[in-house]
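S.K.: Starting off with a structure, shown below.
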Amino acid sequence: MSRTKLTTHFSLEELLFSQEAARHCLDNIPGGSVQINLARLAETLERIRAAVGNRTVTVTSGYRSPALNQRIGGSRTSAHMDGRAADIVVRGMTALQVARAIQAAGIVLDQLIFEGSWVHVGIARVGERARGDVLTAKFGPAGVKYERGIVAA
Ligand SMILES: [Zn+2]
């Protein structure tokens, strides 16, 4: 399969791939403005990769078309639909360690969310300043709640 490299270690294909989209034959191909964001996102992922000691950063969910986002119950304003967010895991590290490493490296994101078994990283819109939100998602019977900071379970 041909790959479109966005940066040294990240390709467009891995930021578009979704098991859920494939399973349900959902189109997950974004428009031009989203592709610009995905390229910016890949640059941020390179910085994160360096922050975790050049370990392999795996994107478990990158771009989500509105149909895909709805299907998986994503937030209606999800930055994933804009190509500005990725859920990541790093081989050999817990999500908690990854979230802390990103913070320790001083990488300011629009949103850094410790989600328990993965980390959500979101970048600001073009021309906007990153909010620098650092949150922990707590999943309960009533849905997801967010606490400030990186809070270990
Ligand atoms: Zn996410």
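The values are calculated or read from the model by the stated rules, or taken from the named source; none is laboratory data. Computed from a prediction, not measured in an experiment: that's the story for all the values here. For neighbour counting, all protein chains shown are included, and Cβ atoms are generated from backbone atoms with ideal geometry for every residue, glycine included.
S.K.: Among the candidates 31, 73, 106, which residue alone is at pLDDT 95 or above and either within 14 Å of the ligand (Cβ to nearest atom) or out of contact with any helix residue (DSSP H, G or I) (no Cβ under 8 Å at 6 or more places or on another chain) (or both)?
M.R.: After ruling out the rest, the residue left standing is 106.
S.K.: When the residues of segment 111-148 are filtered to those that are surrounded by 11 or more Cβ atoms within 10 Å (Cβ to Cβ) and among the small types (Gly, Ala, Ser), which remaining residue is nearest to residue 15 (Cα to Cα)?
M.R.: 122
S.K.: Please count how many residues of segment 119-150 are farther than 22 Å from residue 48 by Cα, away from the ligand (no atom under 16 Å from the Cβ) and not hydrophobic (A, V, I, L, M, F, W, C).
M.R.: Result for segment 119-150: 3.
S.K.: Hey, another quick one. Please state which one of 56, 60, 94 is modelled with pLDDT of 95 or more and within 14 Å of the ligand (Cβ to nearest atom).
M.R.: Being modelled with pLDDT of 95 or more and within 14 Å of the ligand (Cβ to nearest atom) holds for just one of 56, 60, 94, which is 60.
S.K.: If we keep just the residues of segment 76-88 that are more than 11 Å from the ligand (Cβ to nearest atom) and assigned to a loop (DSSP other than H, G, I, E, B), which is farthest from the chain's Cα centre (by Cα)? Show your work before the answer.
M.R.: Taking segment 76-88 as the starting set, the residues that turn out to be more than 11 Å from the ligand (Cβ to nearest atom) are 76-77, 82-83.
Then keep just the ones that are assigned to a loop (DSSP other than H, G, I, E, B); that gives 76-77, 83.
Working: 76: 16, 77: 14, 83: 9 Å.
So, considering only residues that are more than 11 Å from the ligand (Cβ to nearest atom) and assigned to a loop (DSSP other than H, G, I, E, B), the one farthest from the chain's Cα centre (by Cα) is 76.
S.K.: Let me ask another. Within segment 5-34, track down each residue that is over 15 Å from residue 82 (Cβ atoms), β-branched (Val, Ile, Thr) and surrounded by 14 or more Cβ atoms within 10 Å (Cβ to Cβ).
M.R.: Applying the first criterion (over 15 Å from residue 82 (Cβ atoms)) to segment 5-34 yields 5-14, 17-27.
Adding the requirement that they be β-branched (Val, Ile, Thr) leaves 7-8.
Listed by number, the list holds a single entry, 7.
S.K.: Here's something else I'd like to know. Looking only at residues that are of a type in the set (Asp, Glu) and assigned to a helix (DSSP H, G or I) in segment 1-40, which one is nearest to the chain's Cα centre (by Cα)?
M.R.: Across segment 1-40, the extreme among qualifying residues is 14.
S.K.: Filter segment 41-67 down to the residues that are assigned to a helix (DSSP H, G or I) and under 21 Å from residue 109 (Cβ atoms) and list them by number.
M.R.: Taking segment 41-67 first, the residues assigned to a helix (DSSP H, G or I) are 41-51, 66-67.
Answer for segment 41-67, where residues must be assigned to a helix (DSSP H, G or I) and under 21 Å from residue 109 (Cβ atoms): 41, 42, 43, 44, 45, 46, 47, 48, 49, 50, 51.
S.K.: Here's another thing I want to ask about it. Using beta carbons and a limit of 8 Å, which pairs, at least six apart or on different chains, have the first residue in segment 64-78 and touching a residue at least 24 places away in the same chain (Cβ under 8 Å) and closer than 15 Å to residue 15 by Cα and the second one surrounded by fewer than 13 Cβ atoms within 10 Å (Cβ to Cβ) and of a type in the set (Asp, Glu)?
M.R.: So the pair list comes out as 65/27.
S.K.: Residue pairs, Cβ under 8 Å, 6 or more apart or interchain, first in segment 98-126 and among the hydroxyl-bearing types (Ser, Thr, Tyr), second outside any helix (DSSP H, G or I). List them.
M.R.: Filtered contacts from segment 98-126: 117/89.
S.K.: Still on this structure, I have one more. Based on this model, can you work out whether residue 116 counts as at positive phi and either out of contact with any helix residue (DSSP H, G or I) (no Cβ under 7 Å at 6 or more places or on another chain) or in a strand (DSSP E or B) (or both)?
M.R.: no
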